[in-house]
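The values are calculated or read from the model by the stated rules, or taken from the named source; none is laboratory data. Because the structure is a prediction, the values reported are computed rather than measured. As a convention, Cβ positions derive from the backbone with ideal geometry for all residues, glycine included, and neighbour counts pool all protein chains shown.
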Amino acid sequence: MQQNVLQSWSDDEWPVVRKSKPLPTGEGVLDLGAFNTIEVDELFDTVNYASTVAGQAVLYRSLTQPLDDLDAIAAKQAAVREIRDNPDVRANVENIVANAAGSENRLYLLLFGEFLGGFGTAREDNQIEGYGYKQYRRGINAALNLVGAIHNSGTPQTPYLQSVFNKIGGFAQSNDYSLMVGPVYNSEKGLQSKEERKNSYAPATIFRPTLFKPLLIGLLLAAIWGLVTIFPTDMFQFSKDGLSVASVFFLPLMLAYIPVIGGYDRDNCIIPLRNIFRKSAALGEMLDGLGQLDELLSFIKYSEAYGSETVLPELQATERHSMHLVAAKNPVLGVNNPDYVGNDFDMSSERLVCITGPNSGGKTAFCKTVTQIQLLAQIGCYVPAQSASLSVADKIFYQAPEISHLDDGEGRFGTELKRTRDIFLATTAKSLLVLDEMAEGTTFEEKMQSSIDVLDGFYRKGNSTILITHNHQLVDVFVNRGTATPKQVEFADELPTFSLVPGISRVSHADRVAKKIGFSKQDIENYLAKS
C-alpha cells in the first residue's frame, strides 16, 4: 500500500518532492532500470504543472509507481474530464489549490521547521524564531482553511473526485482536527482535545498560542493586590524619580514572564502538538487529497500547454497487452515543437516488433515515446497523439546496454543477461518490453543464438516486445518465421525523416555520424598530419 505524502517525508527534513522510488523488479509496474532509461525525471519536469508541494509529490509518486488497475485509471480519467468540461468545477478546484499553494509552506514550517529559541533570528525558510506562536497559528490555519474550502464546495459528480474531496474534508472528523480548532487541554494525561476531555475530570490547563494569558496575568495582579491589602507598605509609593521601590522587585519578575511562559508553551505544547500532527494519518490523507486534486489540474494544464493534439487514451480490457497509436509524439521532445514528427504504431495482434535503422534516426526516441505514453496513460494523464487506445501493462520494462561493474565478475554480456533474466521472470502476457540491442559483449555467432533464444522465450510468454537493433540478420530470422513485424526509421538523402516505416534497414550510415562528430577517416588523417 502506498504511503501518503506526509508519511513519506522524514521528521528531520523539509518536504521533498522526488521522494518516491520505483519498486524492485517484478513488484511494481516500473523498476529502477526502466525508470532511468525511460527518463521519468525528465517526463515529470515536463508534465509537472502542479502548484503545491503535495501535488508535485503525488505526481512524482504516480510516475514512479503507476497504477495497474484499469478501473482505477478510468476513474481518474473521468475526474479529469469533469474538471476540464465543467467550468464551475474547474474554477472551484483551481481556487482551492491556489489558496492551498499560498499557505501550504506555513503548515510545513510548523511540522518540519527548526526551532531557534527565544532570541534566535530566522535566516532560512525552515527556521522558527521566537517561541513558535505565530508559526503555530499560521500552520493550523492553513490546514483548517483547506478543510473549510472543501466543505463550502459543491459535491463533484465523478467517484474519484468525490473520494479526493472526502479525503480532504474527512480531516474534520479526526481528533487532530479538534486539537487544531482548540481548545487544547494540557493535563497529566497529555494534550487532549475538547472531545477527549468530555469524560475526564483530571485537572488541566488550557493552551492558547499567545504570550498574553489573561487568566494568569489576572491571578498575578490579584496576588499582588492581596499582598498589598494584607500587608500595607510604602513600597508602592513613588519616589522623586518617578519610581517605586516595588518596581525594582517586580520589573525582573515581568521580564522573566516572557521566557518562562514562552518556553513552557513551546516545549510542553507546541512541539508535542506538532509531533502529533506530523504522525497524523488523517492529516496525511488530507495532504494526499490536496496533492491528488493538484495532480488532476496538472494533467489538464500539460495538455493545454503541449502545443499540439493530446488525448485521454481509450483503455481496453484485453488478455494480453495491446496498443494502437495514431500520430504519436514524444511527451517531452514534442512540447511546443510543431515540427516534431508523429508516428503511427500498432501492437494489437503483434507480439514482436523489430525496429532497425542507422544511428540518430530516431529508434530510441520512438521507443521512449511508446513507453512514456504507456506510463502517462497509467497515471490518468493525457498523451500526445491524435488517438490512442491501449490496455494496461502490468509491467513496463526497458532494457538498454549497461556498463558492467568491476565487482560483478560477469562482464558486459553477463551483466545484461542477468537483467534480461530478471525481466523475463517478471513479465506476463500483459507486459510491455523494449530491448535496446541484445547480447552485447560477445561474438557475433553467440550474440545471434542468445538473442534468438531470448526473443523466442518472450514470444512464447505473449507479452509485447519491441526490439531495437542494427542486426538485420536477427530480424530476418523472425520475419521469415512470421513472428515479427519489421519497422525501420526512414532516411532521405542520408538524413533522417524521423518517420517509422515498414521494412528492414540494412545500412548503418556510420561514416555520416563519424563526419558529424568530427572523427571520420579523413578527420583522423588530418589530426595525424598536424601532430
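Each row is one residue, and each column tells you yes or no for (1) under 18 Å from residue 370 (Cα atoms); (2) touching a residue at least 60 places away in the same chain (Cβ under 8 Å); (3) touching a His at 6+ places or on another chain (Cβ under 9 Å); (4) not aliphatic (A, V, I, L, M).
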| site | (1), (2), (3), (4) |
| --- | --- |
| 448 | no, no, no, no |
| 451 | no, no, no, yes |
| 458 | no, yes, no, yes |
| 463 | yes, yes, yes, yes |
| 468 | yes, yes, no, no |
| 478 | no, yes, no, yes |
| 481 | no, no, no, yes |
| 494 | no, no, yes, yes |
| 501 | yes, no, no, no |
Subject >> Residue count for the range 449-465, restricted to those that are β-branched (Val, Ile, Thr) and in a strand (DSSP E or B) >> reply: 1
Subject >> Qualifying residue in the range 69-86 (condition: farther than 23 Å from residue 335 by Cβ, surrounded by fewer than 23 Cβ atoms within 10 Å (Cβ to Cβ) and under 14 Å from the mean Cα position of the chain (by Cα)) >> reply: no
Original post:
How many of the residues in the range 390-433 are at pLDDT 75 or above, of a type in the set (A, V, I, L, M) and surrounded by fewer than 17 Cβ atoms within 10 Å (Cβ to Cβ)?
Top reply: 2
Original post:
Name the residues in the range 39-76 that are farther than 19 Å from residue 298 by Cβ and part of a loop (DSSP other than H, G, I, E, B), would you?
Top reply: 68, 69
Original post:
Going by the conditions given, is residue 121 touching a helix residue (DSSP H, G or I) at 6+ places or on another chain (Cβ under 9 Å) and not aliphatic (A, V, I, L, M)?
Top reply: no
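Just for the range 468-483: of the residues that are part of a loop (DSSP other than H, G, I, E, B) and within 37 Å of the chain's Cα centre (by Cα), which one is farthest from residue 454 (Cα to Cα)? Working first, answer last.
Taking the range 468-483 as the starting set, the residues that turn out to be part of a loop (DSSP other than H, G, I, E, B) are 469-471, 482-483.
When the remaining residues are screened for being within 37 Å of the chain's Cα centre (by Cα), the result is 469-470.
Working: 469: 14, 470: 17 Å.
Among them, the one singled out is 470.
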**OP:** Mind listing whichever residues of the range 145-162 are without any contact (Cβ under 8 Å) to a residue 12 or more places away in the chain and either among the aliphatic types (A, V, I, L, M) or farther than 26 Å from residue 195 by Cα (or both)?
**Re:** 155, 162
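So, in the range 289-308, exactly how many residues are in a loop (DSSP other than H, G, I, E, B) and either among the aliphatic types (A, V, I, L, M) or surrounded by 16 or more Cβ atoms within 10 Å (Cβ to Cβ) (or both)?
Residues in the range 289-308 being in a loop (DSSP other than H, G, I, E, B) and either among the aliphatic types (A, V, I, L, M) or surrounded by 16 or more Cβ atoms within 10 Å (Cβ to Cβ) (or both): 2 in total.
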Original post:
residue 129: touching a helix residue (DSSP H, G or I) at 6+ places or on another chain (Cβ under 7 Å), among the charged types (D, E, K, R), surrounded by 15 or more Cβ atoms within 10 Å (Cβ to Cβ) and not assigned by TED's automatic domain parsing to the domain that holds residue 316, yes or no?
Top reply: no
Original post:
For residues in the range 269-316 being of a type in the set (Phe, Trp, Tyr) and closer than 30 Å to residue 7 by Cα, which is modelled with the lowest pLDDT?
Top reply: 277
Original post:
When only residues in the range 165-223 that are surrounded by 15 or more Cβ atoms within 10 Å (Cβ to Cβ) and among the aromatic types (Phe, Trp, Tyr) count, which is modelled with the lowest pLDDT?
Top reply: 207
